[in-house]
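Chemist: This is the structure I have questions about; it appears just below.
The values are calculated or read from the model by the stated rules, or taken from the named source; none is laboratory data. Please read all numbers here as calculations on a predicted model, not as lab measurements. Backbone-built Cβ (ideal geometry, glycine too); neighbour counts: all protein chains shown. SASA here: full protein model, heavy atoms, side chains in, ligands and nucleic acids out. Shrake-Rupley method; radii C 1.70, N 1.55, O 1.52, S 1.80 Å.
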Amino acid sequence: MATIPADRSPESTLALLRDGYRFIGARCNRYDSDIFQTRLLLRRTICLRGRPAAELFYDPERFQRAGAMPLRVQRTLTGRGGVQGLDGAAHRDRKTMLMALMTPTAVRHLGQLLDDEWRARVPVWEGAGPVVLYRELGRMLTRAVCAWAGVPMAEGQVVRRTDDLHAMIASAAAIGPTHWRGLLARRRGERWLADLVDRVRAGALPAPAGSALRVIAEHHDTQGRPLPRRIAAVELLNVLRPTVAVDRFIVFAALALHDHPAWRQRVRDDDETTGWFVQEVRRYYPFFPVAAARVRRSFDWQGYHFPPGRRVLLDLYGTNHHPALWPEPELFRPERHAGGRPDPFGLIPQGGGEHTTGHRCAGEWITIELMKRAVTNLTSCMRYDVPPQDLAVSLRRLPTLPPSGFLITNVRRTA
Ligand code: HEM
C-alpha cells in the first residue's frame, strides 16, 4: 500500500487561512499528487482534488457526513441538525422535502420575483449616486426569497434580516468580531423562523401551499414525527441564506461582463450563451472552497488506504480549475460549456453527484435561474458605468468578493 504524501507542516490551519482557496491546490502541485494528508483544526485530514476524487467523495457507501463539519461552521453557516450532517434514510427524507420545493415552475417563479425587484429598483438607481450592487442585490434577494418561501417580511425588516443572512455566510472561516456577529445572526435567525413555524402549525399564520414555510412546518420524518421547531428553522434558513448568497455570484457575473465586454453583446437575448456564461462564472470565480466528509468504513483507493473516521476534504475550487478537466483553467471562456450536460463530477462549485440521493446543493437550479435573470437584466434592461474602484478578487479571503462590492454609476433604463 502506498503512503499518502504528507504535508510538511504538523498543523496546517494557519496555512489554510493564509492560502485560502489555493491551500489544497498549492500542496497538490508541490507533491505532484491529487491527494495528500495533513492536520487541520487538530484533526488528521486527507485532502483530494480532481474528477476521480470527486466521484469517490460522493460515494455514500464510503463516506458519511455525520461529524464531518467543524463546530464553528455549524454554529454560523449551516446550523446544527440540518440536512448537511445527515446520512442514509434520514438524509434522503430531509433532502426529498427540500427538493420538492425546486420544481421548474417554482424555480421560474423565484426568477420572476427577482425580475420584479429589479424592475422596481432600476428607477431608484437612475436618480441616485453610486450604487453598491452587492448591497442592493442582497436586499432584493431577501425580499424575493421571503415572498417565495411564504415568510412574511415587513419592509422595515429587510436591511436587518439581509445583514444577518450575510453575516452567517461571512463568518464561518472568520475569527473575532466577524465570527461573533455570525453566531448572533444565526441565533436570531433561528428564533425568528422557529416562531413562524409555531404560528403556521397553530393555524395562526397562513402559508401558501407548496411554499417552503408550509412544506417544512408540515413535514413529518421517517418515523412520522414533525421536525423539532429549531430544526425546521435550520432548514428554512437553508433555503433563505444561500439564496441571498447568490448575490456574490451575481457580483462576479457583473465583474465578468466588465472584464470581458464582448460577452455583453453575446449574451443579450440569447438563452443558450447566457447559460454558458453563467456556468463559466460558477466555475471560474471562487465561492465554497471545499466540502467535508468522514470515512464511513476503511477502504483502499488508487493504492492508498483510507482509515475509518478520517476526515476528508474535497477541493471544489481546485477541481473547477484542474488542468486535466479544464484546458487553460485560468482563462474565462464561457464557450467551453457549449454542447452537452455538465459533468456531475467535473463542474462542482455547488458539490457533485446527485441532488436527491447525495449531498449536492439543493439550490443549484435556483442559483442558475437567478444568475441568468441577473445577467439579462444587467445587459438588456439597463446601462451603467463602472467607475474606478478596487475590483480585485483575493483568493486568500474566505469567502471572497471584490472589496468595493461592485460600484455602478450613471444607471439608465433601456427596456
Ligand atoms: C450561492 C450559490 C450557492 C453555492 C455556491 C452553493 C454551494 C453549496 C455547496 C458547496 C454545498 C455542499 C455540497 C456538499 O456538501 O457536498 C451546498 C449544499 C447545499 N445547498 Fe447550496 N449553494 C448555493 C445556493 C444554494 C441555494 C440557492 C439553496 C437553496 C435554495 C441551497 C441549498 C443547499 C442545501 C440545502 C445544501 C445541503 C445539501 C445536502 O447536504 O444534501 N444552496 N451548496
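Chemist: Once the other residues with Cβ under 12 Å from the Cβ of residue 281 are scored (Lys, Arg +1; Asp, Glu -1), what is the net sum?
Modeler: Around residue 281, the charge tally is +3.
Chemist: From largest accessible area down, sort 91, 305; use a 1.4 Å probe on the protein chains.
Modeler: Ranked list, largest accessible area first: 305, 91.
Chemist: Could you derive backbone 3J(HN,Hα) for the range 150-161 from the dihedral phi with the Karplus parameters 6.51, -1.76 and 1.60 (θ = phi - 60°), listing whole Hz in sequence and x where the residue is Gly or Pro?
Modeler: x, 8, x, 9, 5, 4, x, 8, 4, 5, 5, 5
Chemist: Whole angstrom only: what separates the Cα centroid of the range 53-106 from the Cα centroid of the range 145-180?
Modeler: If you average the Cα positions of each part, the centres end up 21 Å apart.
Chemist: Between residue 155 and residue 184, what FRET efficiency follows from the Cβ-Cβ distance if R0 is 30 Å, with the result rounded to 0.05?
Modeler: 0.85
Chemist: How much mean residue ellipticity at 222 nm does the chain get from its helices, if each DSSP H run of length 4 or more adds -39500 (n - 2.57) and you divide by all residues, to the nearest 500 deg cm²/dmol?
Modeler: Only helices count here, giving -14500 deg cm²/dmol.
Chemist: Based on the Kirkwood radius over alpha-carbon pairs, what is the Stokes-Einstein translational diffusion coefficient of the range 1-106 at 20 °C with 1.002 mPa s viscosity, in µm²/s?
Modeler: The Stokes-Einstein estimate is 133 µm²/s.
Chemist: Hey, any idea what Rg/Rh is for the chain, computing Rh the Kirkwood way over Cα pairs?
Modeler: 0.96
Chemist: Under 5 Å between amide hydrogens, which residues at least 5 positions from residue 382 or on another chain qualify, with H placed 1.01 Å from N in the peptide plane?
Modeler: Under 5 Å from the amide H of residue 382 lie the amide H atoms of 414, each far enough along the sequence or on another chain.
Chemist: Where does each of 287, 23 land when they are ordered by accessible area, with a 1.4 Å probe and the largest first?
Modeler: 287, 23
Chemist: In whole percent, and with a 1.4 Å probe on the protein chains, what portion of the accessible area of the chain is carbon and sulfur?
Modeler: Its accessible area is 54 percent carbon and sulfur atoms.
Chemist: So what are the range 309-415's ellipsoid semi-axes, whole angstrom, largest first, if each one is the square root of 5 times an eigenvalue of the alpha-carbon gyration tensor?
Modeler: 30, 19, 15
Chemist: Continuing with the same structure: Would you kindly find the accessible area of residue 300, with a 1.4 Å probe and non-protein molecules such as ligands, DNA and RNA excluded, rounding to the nearest 10 Å²?
Modeler: Estimated to the nearest 10 Å², residue 300 gives 80 Å².
Chemist: Around residue 299, which amide H atoms from residues at least 5 apart in sequence, or from another chain, sit under 5 Å from its own amide H, with H modelled in the peptide plane?
Modeler: 306
Chemist: Sorted by accessible area (1.4 Å probe), largest first, how do 335, 369 line up?
Modeler: 335, 369
Chemist: Starting from 0.36 nm per residue, how many nanometres of slack lie between residue 395 and residue 33 once their C-alpha separation is accounted for?
Modeler: Residue separation times 0.36 nm, minus the Cα-Cα distance, leaves 128.2 nm.
Chemist: Of all beta bridges DSSP finds with both residues in the chain, what is the antiparallel percent, to the nearest 5? Each step should come with its number before you reach the end.
Modeler: Working: 22 of 29 bridges.
Here the share of antiparallel DSSP bridges comes out near 75 percent.
Chemist: Keeping every protein chain present and rolling a 1.4 Å probe, give me the accessible area per residue for the range 266-415 in Å².
Modeler: 42 Å²
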